[in-house]
1. Are there DSSP H segments in the chain that both extend 15 Å or more along their axis (alpha-carbon positions) and score a mean Kyte-Doolittle hydropathy of at least 0.5? List them, or say none.
2. Could you compute the FRET efficiency for Thr161 and Leu54, with r as their C-beta to C-beta distance and R0 at 22 Å, rounded to 0.05?
3. Give me the number: length gained by fully extending Ser47 to Phe124, i.e. 0.36 nm times residue separation minus the C-alpha to C-alpha distance, one decimal in nm.
4. Show which aspartates and glutamates lie in cross-link reach of Lys44 when reach means a straight Cα distance below 16 angstrom and same-chain residues fewer than eight apart are skipped.
5. Suppose every Lys and Arg Cβ carries +1 and every Asp and Glu Cβ carries -1, with no other charges. What dipole size does the chain come out with about its Cα centre, to the nearest 20 debye?
6. Under the rule a/c < 1.5 gives rounded, and otherwise a/b versus b/c splits prolate from oblate, where does the stretch 100-159 land using the Cα gyration tensor?
7. Calculate, for Val153 and Lys8, the FRET efficiency according to 1/(1 + (r/R0)^6) with r their C-beta to C-beta distance and R0 30 Å; round to the nearest 0.05.
8. Name the residues whose placed amide hydrogens come within less than 5 Å of the amide hydrogen of Ser94, ignoring near sequence neighbours (fewer than 5 apart) on the same chain.
Amino acid sequence: MNGISFGKAKLSDALRISVLLKTVYIQTYAVEGVTFEFANFITKRFSLENIENLIQNNPSRLIIAYQNGNPVGVAEILYDSTCPIRNIAVPELSKLYVLERFYGKGVGFRLMNEAEKEVLKNGFKEFNLEVYINNVRAIAFYQRQGYTSIGKVDFPMESNTYENLVMNKLLSLESVLKNSGRS
């Protein structure tokens with residue numbers, strides 16, 4: 001991973017992070033092109049203002065992968081999340097987005113590992129995520145990282161809903177540190 005580094009989001013990166021999030025979302029989910037529903041969703045959810053507010057109010061929530069100082073991937077951790085299946089408080093990996101040209105280079109794996117270390121550092125022993133049921137590549141990636149499906153939930157977007165898998169992993173310091181050496 002030549003030139004790849006990881007760090008907390010900086011306010012000066014907000015515009016580039018916003019564009020990265022929009023790009024990956026479209027590449028992953030716009031299987032029928034950019035619908036009005038998707039355009040509305042990503043314009044609001046990933047607006048520069050929202051990203052700036054997120055970084056200002058909780059800078060440790062976003063972990064960024066950089067190629068020569070430029071964002072190429074983002075992991076977002078939600079600490080105030082409730083597991084929709086078990087109805088208990090569990091931190092959630094809200095996003096793990098990597099630009100397509102960086103697939104297969106260990107960026108997603110390292111972002112996941114950095115997020116897991118952060119969650120452990122904050123005293124939590126498990127981690128949840130939700131993934132679109134038709135995102136087979138992501139599901140396989142999460143399974144390789146030790147995540148297992150614990151149920152399904154609906155993700156609402158305007159007048160449609162999309163089925164997501166809820167996946168969970170019990171974290172241990174030993175496994176996270178062991179994985180830190182892999183790439």
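Please treat every number below as a calculation from the coordinates, not as lab data. None of these values were measured; they are calculated from a predicted model. Cβ sites come from the backbone with ideal geometry, for glycine too, and all protein chains shown count toward neighbours.
1. For the chain, where a helix must reach 15 Å along its axis and average at least 0.5, the hits are 14-29.
2. Computed FRET efficiency for Thr161 and Leu54 comes out at 0.30.
3. Using 0.36 nm per residue and subtracting the Cα-Cα distance, I get 24.7 nm.
4. Hits, sequence-local ones excluded: Glu52, Glu158.
5. 660 debye
6. On the way: a/c = 1.84, a/b = 1.19, b/c = 1.54.
Cα axes put the stretch 100-159 in the oblate bin.
7. 0.55
8. For Ser94, the qualifying residues are Glu76, Ile77, Leu78.
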